[in-house]
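I have placed the structure first, in the form of structure tokens, so that the comments after it can refer back to it.
The values are calculated or read from the model by the stated rules, or taken from the named source; none is laboratory data. Remember, it's a predicted structure, so these values are computed and weren't measured experimentally. Cβ placement follows ideal geometry from the backbone for every residue including glycine, while neighbour counts extend to all protein chains displayed. Just the protein is used for accessible areas: all its heavy atoms, side chains included, with ligands, DNA and RNA removed. Shrake-Rupley method; radii C 1.70, N 1.55, O 1.52, S 1.80 Å.
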Amino acid sequence: MPINRLCFNGLRNLAATDVAPGPGINLVVGANGSGKTSVLEGLHLLGMGRSFRTRHLKHAIAHDAEAMTLFARLGGDDSSLPIGLRRARDVSELELRMGGERVSRLARLTEALPLQLVNPDAFRLLEGPPSGRREFIDWGVFHVEHGFFDAWRRARRALKHRNALLRHGKIHDDSLPVWEAELAHWGERLDVFRHSWMSAFQPIFEETLADLLSLPELTLRYSRGWDRQRDLTTVLSQARETDRQMGFTQQGPQRADLRIRVGRHPAIEVLSRGQQKLVVSALKLSQGRLLQRMTGRTCLYLVDDLPAELDADHRRVFCQLLEKMGCQTFITSVEHDALVGPWSSHAALTMFHVERSPSGQGRLVPIGHGQTS
């Protein structure tokens, strides 16, 4: 369901905001430092419960505010779902609300507002550690497999207990085989979910990448995180001594990865910066396309600094792919023409301008709905 109302209070340098986004393409233009990225950060917080700009949410609270309150209403007047998040400066716990009721699990909000972020940090999918690529896979699986979250939570709990026993030298503790059996059971279950998702994702990614860029030698390969020739129970029992020396579990679902290569080489080593952004964009767009095909739901897209690393032709192809998907999208840039230029002649756009006041606050101001033509 698209967002039809958005209210932010106490978020960084943004003044109190209450706007009605369009159901399709929302373009946010403004000078550097005006607060454009903060708009995307607020949306990301509502869907993910964390910021893409800081690990400590207290830093996202405006300097003169005691708390940050974010609210979005999804859907229409007849079938709307309000979701909200509040973080006080002196309390580390997030207060989450959905449908007017307090909820304890962030997964409830994540399920209600599936989103993908395309920003400079998205390059980490190629150049960063496996954890980012594993999170990318798990986001996709979470939104299409109802049993995934429970399996993921149980596997993580078993891994935590096994690692604690290894670190404290209790390798002969009778409970170690119990936690290994638990980790093996749920780890194998996670692998089934991830492998199934990957099989569905691969052809959609290839189709999407071909629309953006010709890279026939680029391949994706899912690595489950342990020896493919042995079951996880055997791997864990045989690795007890070396795991004890290391102080953690070296193989398992927590080591899963997505290998992205061009021929025999890691993609990050051979692709230009512009090609890398197109590959990352194809990965992100494919998430939304698969979600739509498997569930009928659309994904919210947040695109920060659209022109960065993309020439005009590739911006046009990327934007028109987004347009065809019919997803609600928020896109920022300092350049007005770079935002409005790439769309088809009949694209319906909603424009916002972030005006910076003398005090340094940014005001998100609607400046019109219409078509590009």
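Find how much the distance from residue 135 to residue 56 grows on full extension, using 0.36 nm per residue of separation minus their present alpha carbon separation; answer in nm with one decimal.
Taking residue 135 through residue 56 to full extension adds about 26.5 nm, to one decimal.
Tell me, what is the FRET efficiency for residue 81 and residue 199 to the nearest 0.05, using R0 = 51 angstrom and their Cβ-Cβ distance as r?
Step by step, r from the Cβ atoms, then E = 0.95.
Taking 35 Å as R0, compute the FRET efficiency from the Cβ-Cβ separation of residue 7 and residue 153 and round it to 0.05.
After rounding to 0.05, the efficiency reads 0.65.
Can you tell me the length gained on complete extension of the stretch residue 124 to residue 242, counting 0.36 nm per residue apart and subtracting the Cα distance?
39.5 nm
Counting only protein heavy atoms, what percent of the accessible surface of the stretch 206-340 is carbon or sulfur at a 1.4 Å probe?
About 44 percent, which is the carbon plus sulfur part of the accessible surface.
For residue 58, go through the aspartates and glutamates and keep the ones whose alpha-carbon is under 12 Å away, minus same-chain ones fewer than eight residues off.
Once the sequence-local aspartates and glutamates are set aside, what remains near residue 58 is 66, 90, 93.
If a/c stays under 1.5 just call it rounded; otherwise compare a/b with b/c (prolate if a/b is bigger, oblate if not). Do that for the stretch 58-154, with a ≥ b ≥ c from the square roots of the Cα gyration tensor eigenvalues.
It is oblate, given that a/c is not under 1.5 and a/b is not larger than b/c.
Which of the chymotrypsin sites (Phe, Trp or Tyr not before Pro) found in the stretch 295-365 are in a DSSP loop and have at most 10 neighbouring Cβ atoms, other than their own, within 10 Å?
Counting only loop positions with at most 10 other Cβ atoms within 10 Å, none of the chymotrypsin sites (Phe, Trp or Tyr not before Pro) in the stretch 295-365 qualifies.
Once both labels are modelled 7 Å past Cα along the beta-carbon direction, what's the residue 108-residue 65 spacing in nm?
Distance between the two pseudo-spin positions: 2.3 nm.
Under the √(5λ) rule applied to the eigenvalues of the Cα gyration tensor, what semi-axes describe the equivalent ellipsoid of the stretch 287-332? Give them in Å, descending.
The answer is 22, 11, 8 Å, longest axis first.
What number, rounded to the nearest 500 deg cm²/dmol, is the helix-based mean residue ellipticity at 222 nm of the chain, given -39500 (n - 2.57) per DSSP H run of at least four residues and division by all its residues?
Here the helix-only value at 222 nm equals -13500 deg cm²/dmol.
Which lysines, on any chain, are close to residue 284 with Cα under 24 Å apart, when same-chain ones fewer than 8 places away are left out?
Answer for residue 284, where 24 Å is the Cα cut-off: 36, 324, listed by chain and number.
Hey, which lysines would be in cross-link range of residue 160, C-alpha to C-alpha under 18 Å, not counting anything within fewer than 8 residues on its own chain?
Candidates past the 8-residue exclusion: 170.
Just to confirm, what accessible area per residue do you get for the stretch 64-217 at 1.4 Å probe, in whole Å²?
Value for the stretch 64-217: 52 Å² per residue.
Given 0.36 nm per residue, what is the gain on full extension from residue 316 to residue 269 after removing their alpha carbon distance, in nm?
Contour length minus Cα-Cα distance gives 14.3 nm.
Once you have a ≥ b ≥ c as the square roots of the Cα gyration tensor eigenvalues for the stretch 1-136, tell me rounded if a/c is under 1.5, and otherwise prolate or oblate according to whether a/b is larger than b/c.
It is rounded, given that a/c, with a ≥ b ≥ c, falls under 1.5.
So, with a 1.4 angstrom probe, what is the percent of accessible area on the stretch 29-127 that is carbon and sulfur?
It is 43 percent, rounded to a whole number.
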